[in-house]
Amino acid sequence: MLVSGDKPGIGGEQLLGQKIKPKYSAYPKGIRFYAPSWVAFDKQVLSFDAYMEDEVPDKNQERYRIRHYKIYFYLEDDTIQVNEPEIRNSGLPQGTFIRRHRISLPPPEEDQFYTVYHFNINVDVVFYGRTFKIYDCDPFTKNFLKKIGVKLFPPGKCPEDPYLKTRRETLDHTEPLRPYEPFDTLKQFLEHDRQVLRFFCLWDDSTSLFGDRRELILHYFLSDDTVEIKEVMPPNSGWDAKSLFLQRRKLPKYGPPGVYQPGQITDRTVLNVYGGLSARRVDRFLIDKYQLGKLDQEFYKDSDLSIGTTINVWGRKVLLCDCDEFTKCYYRTKYGVENFTSISCKPPPPPKIERKFSPYTGFGTEEDSLRSCIGLIPTPHQRDFKKFMEKDSYSNISNTLRFFAKLITHECADLDRMFVISYHLCDDTMSVFQPADRNSGITPGMFLRRVRVKRPGQEVFKSELSEYIQPEELYVGARVNFPLSNIDLALQKLKEVETQSREIKQVFSAADFMHTKTLDYNAFRSIMMNITSGKLIDHEVITIARRYRVPEDTNPPVNILIAVAHEQLKKNTFENFGKLIAVCVYEDREKKKVLPRKDIKRLCKSCRVPLTDSLLESLLSRFADSEEQINYELFFSALNWRTNPMPEMESILYNTETCEDVWMGSPSPIPVRFINYLPLLKDVFGLEEE
């Protein structure tokens, strides 16, 4: 902080035990610092450029020499340091000329020291009898001197050393017998050590005999401009594995250059070696400065490599196809390259040759005859195993399409014959079965065994495989070119109806006189046929009805489940119910006569109760309460077929309505019972419930 006051000393303090007069203070008059000078001016130094004429006695070439100096004045303690910049091959000790300390004024004022007010441009200062001419200073020094009130003189010019000038002129007009040729590669090595550019290359040798396309990896070492190439060996290629395709070396652009004699390729050419009187001692040598007979070789540099460039690798044309991320970053930073579009190293796909096979001979199946044409040793035909596993029957899902059909004939006795056509999705096979018809005089049974059925009108003995009937060709009604069980196509037809949507809703509401928001199938089919004017066929109406059907309760009664369980237990003669109850009593620590459902299931599995998983789950769900607890005495007593036998009843599966594997042999009168028509109107016409 600056305040008005009397004339102080240097920073208001006494330095080195000396009493400093106020006129030599480093601060303007009338200004005083509360902070000491070594704090206020810490790390602030004034820099002056000066020179000195140094006399050179006993030498004819020069009488004096101009020596350049840097004078540093430290404001914190008024110390001075003089340095001389080093000049190469000057032969003089240079560096620190006067170490840092306070320097006294020349006589007769040797009791005082130099301050900042003694320095200016174009003034002489005397340090220990040597006169230094200050001719300039740096911008910070000029600014500081102006602030403390020192009037700066204009900067001067440093004279040139006459001896250095004469020597430089002489060297410029002289050609040395041994010119200096630097071969310094240390800087490049230190800057780019362990930095390698990597390119993915392709050598297409397919035009030569037994040639092939070779994938290569080129490494360019930035430390010494050498190249290394490795070959990528694909599996089962038949080529011998080699460590390197090209050893690390400089790669000439125009190769192979030929065979050179020893000594032809050198950095320098020595003309003669001579010494003194001794023949063994070699003191000097002459170098050919004109470099006559020198072989100029041009090698690949990093600037010559880019994606899409073809380089010459000792007579082999190698195409650079791609590079790694470090290489891209290097070229982007150094050369400003932005396009790094890679080129595929993979060969173009070979032309596909169509194989022609001999026609079917009639022996065996067409697939067997085809397998005999593929290999010398015939192998069995491999069917689509994945499709078989996905579409095969499991649990209560049969993955089998079943249709009722009539025989198209003019015979009166065959007009009423009914058939069941089964289409198995796992292997696209079909079977036809004729149900029993009492007093018809026709023997029921298998009409067509399970086999793949060919489409009619195909040639028998041909080279191509025959086409078989697909599942989309089976539907209720006439034949069309698209699958009629597609709900999206059926709804699209319904959306194209020109009748007003409000009128359609009124028709459905009038048919639902009980206001149950459902319709039976017959009423639903009649309305759909009327509003579409016959555009929808029966199969499409069935598809829509099945989509919006009312879910039915498929859970069988408990007595049926117990009867089925008794039948399975009887077949396996399982009677260890007392043991099961005893184990449950042991695990019932709280004596509540109930156990969790999962514990009962685990106990049945550990005791190997001969019940299927689905049947056991159904029984457990029926006996479990809201907290998933089961009365084990009641459960196992119900399963005890000895003490609690069920009355005789027809042995049927408990989930007949949802099991498609069992069909009762007569056509169902309706595909579904009831249909929710409100969701249909919302999906098709966007009508909401009022």
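The values are calculated or read from the model by the stated rules, or taken from the named source; none is laboratory data. This structure is a prediction, so every number in the text was calculated from the model and none was measured. All Cβ positions, glycine included, derive from the backbone under ideal geometry; neighbour counts span all protein chains shown. We work out accessible area using only protein heavy atoms, side chains counted, and drop any ligands, DNA or RNA first. Shrake-Rupley method; radii C 1.70, N 1.55, O 1.52, S 1.80 Å.
What is the sum of charges, Lys and Arg at +1 and Asp and Glu at -1, for the other residues whose Cβ falls under 14 Å from the Cβ of residue 620?
That sum, taken over residues with Cβ under 14 Å, equals 0.
Of all the accessible heavy-atom surface of region 495-592, with the other protein chains kept in place and a 1.4 Å probe, what percent is carbon and sulfur?
49
Among rounded, prolate and oblate, which fits region 93-242 when a ≥ b ≥ c are the square roots of the eigenvalues of its C-alpha gyration tensor, a/c under 1.5 means rounded, and a/b larger than b/c means prolate?
prolate
Probe radius 1.4 Å, ligands and nucleic acids ignored: give me the carbon and sulfur share of the accessible area of region 83-175 as a rounded percent.
Heavy-atom surface of region 83-175 belonging to carbon and sulfur, 1.4 Å probe: 53 percent.
With a/c under 1.5 counting as rounded, go ahead and sort region 363-405 into rounded, prolate or oblate using the C-alpha gyration tensor (a ≥ b ≥ c being the square roots of the eigenvalues; past the cut-off, prolate if a/b is larger than b/c, else oblate).
It comes out oblate by the Cα gyration axes.
Normalise the Debye intensity by I(0) for region 197-264, one equal point scatterer per Cα, no solvent, then take log10 at q = 0.18, 0.21, 0.22, 0.24 Å⁻¹ and round to two decimals.
Results for region 197-264 at q = 0.18, 0.21, 0.22, 0.24 Å⁻¹ read -0.85, -1.03, -1.07, -1.16.
So what's region 59-134 giving for Rg/Rh, alpha carbon basis, Kirkwood Rh from the mean inverse pair distance?
1.01
Whole Å is fine, so just give me how far the alpha carbon centre of region 563-637 lies from that of region 381-441.
Centre-to-centre (Cα) distance: 40 Å.
Mind putting together the pair-distance distribution for region 326-477? All Cα pairs, 10 Å bins, whole percent per bin, short to long.
8, 21, 22, 17, 9, 8, 7, 3, 2, 1
For residue 406, list the lysines whose Cα falls under 23 Å from its own Cα; do not include residues on the same chain fewer than 8 positions away.
Output for residue 406: 454.
On a straight-distance basis, which aspartates and glutamates could pair with residue 253 in a cross-link, Cα separation under 15 angstrom, same-chain partners fewer than 8 positions away excluded?
Here the aspartates and glutamates satisfying the reach criterion relative to residue 253 are 225, 228, 296, 298, 302, 304.
Which pairs in the list 301/334; 317/352; 142/165; 230/301 are over 23 Å apart, alpha-carbon to alpha-carbon?
317/352; 142/165
When we measure straight from the Cα of residue 591, which aspartates and glutamates land under 18 angstrom away, once same-chain ones fewer than 8 places off are left out?
Leaving aside aspartates and glutamates fewer than 8 places away in the same chain, those within reach of residue 591 are 599, 625, 627, 628, 633.
Provide 38, 314, 203 ordered by accessible surface of protein heavy atoms (probe 1.4 Å), highest first.
The most accessible residue leads, giving 38, 314, 203.
State which entries of 386/682; 356/387; 571/598; 517/601; 570/601; 242/328 exceed 30 angstrom in Cα-Cα distance in the structure shown.
386/682; 517/601
Using a probe radius of 1.4 Å on heavy atoms only, what accessible surface per residue do you get for region 503-623? Whole Å² is fine.
For region 503-623, the per-residue accessible area is 58 Å².
Between region 182-213 and region 111-125, how far is it from one alpha carbon centroid to the other, in angstrom?
65
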